[in-house]
Amino acid sequence: MNCYSILKAGVCVIAAPGFFTSAVFAQTPLLTLEPTSEWVLEAEPDRCRITREFGEGENQTTISLETGLLGSDINLIVTGSQVENPYSNWMRFQFGPNEKVNHRKFFAGKAPDGRSTATVPGATFAPRIEVEYGKFARDSLNKGRLGAIKTLAIKIVAARPFALNIDALDLPMMSLTKCVDERRVIFANEHREYSVHAKPTGNPGTWISSDDYPTDLLINRKGALVEFSLAIDKNGKPNFCEIKPSTRPQRIDETLCIKLLQRARFESARNNDGAAVPDVWSSRIRFEIKK
């Protein structure tokens, strides 16, 4: 792993009263943590991430934003006591002060140092926007909107809400994008020379069932063809999921991606030297409503 700092921890933005007024967080006093490190960029063969430390002592919290070979969304990873023993696997978070609140599922886990983690796979800085009734599109943030971000507020069910003064994200995200673009070029060149490509262990047809499809859409007799890609690490475990853009409600794609990340497993790809290497695997799922 290669690590190098990309931003100095300069003057911190102090949270003013009422800076985060969403009703989601307004019920409880907000614990606000200041940065205690620079943003650090970490590069691995199949992904890149930016990481920063906040708070001290029992409140020490680490935030990581990582992206991989698919490159559209990010994994948001929160590490520290603030996410210990979650009551549920739902998180509300807002990149403030201007972006809307996201409501997403997360995976609970442990970091190598033993601290608790909460990972939101395929997170976005802002929820999808409804372009017309029942049709949704990605809301991509430009440099100006990323530069306007100052805080990240987080609430997990039954836990105390907290906020991080993360400062502008335009420069850190530029570094992250550049890093993963370089990884994709390397992967594209090496991928053509693989001796073995990743292949599923077991039957992929068991990864998703009709029970995973939203009940209200089944009731309304709306089927769907879902095309997806998984980025797979050298150990055969998927770490990123991407659904081909559609106008479906955001929760459908999010739900299917989480299930695929939980259930899909692969035999590792191999390069010409026989070493295990990352890969990308694509397929489709058709949900049909029987007449």
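Return the loop-located chymotrypsin sites (Phe, Trp or Tyr not before Pro) in the range 103-212 (DSSP other than H, G, I, E, B) with at most 13 other Cβ atoms within 10 Å of their own Cβ; answer none if there are none.
Details: sites: F106, F107, F125, Y133, F136, F162, F187, Y194, W207; in loops: F106, F125, Y133, Y194, W207.
Filter output for the range 103-212: Y133.
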DSSP loop (so not H, G, I, E, B), at most 12 other Cβ within 10 Å: list which trypsin sites (Lys or Arg not before Pro) in the range 101-193 pass both filters. R192
Added length on full extension, which subtracts the Cα-Cα distance from 0.36 nm per residue, E132 to W90: 12.4 nm
Label point distance in nm, S72-S283, each placed 7 Å from Cα along Cα→Cβ: 1.8
Distance cut-off 23 Å, Cα to Cα: go down the list K105/K199; K199/K234; K135/K199; K155/K234 and report the pairs above it. K105/K199; K135/K199; K155/K234
What are the ³J(HN,Hα) couplings of the range 38-46, residue after residue, when phi is run through the Karplus curve with 6.51, -1.76, 1.60 and θ = phi - 60°? Round to Hz, x for glycine and proline. 7, 5, 10, 9, 10, 10, 10, x, 10
Going Cα to Cα from K178, which aspartates and glutamates come in below 16 Å? Please leave out same-chain ones fewer than 8 positions away. E42, E44, D46, E66, D73, D170
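Scan the range 34-76 for GluC sites (Glu not before Pro) in coil per DSSP, keeping those whose Cβ has at most 13 other Cβ atoms within 10 Å, and list them by number. Show your work: numbers first, answer last.
Numbers: sites: E38, E42, E53, E56, E58, E66; in loops: E38, E56.
Filter output for the range 34-76: E56.
No value in this document is a laboratory result; all are computed from the given coordinates. A quick note: this is a predicted structure, and the numbers were derived from the prediction, not measured. Heads up, the Cβs are rebuilt from the backbone with ideal geometry, glycines too, and the neighbour counts pull from every protein chain shown.
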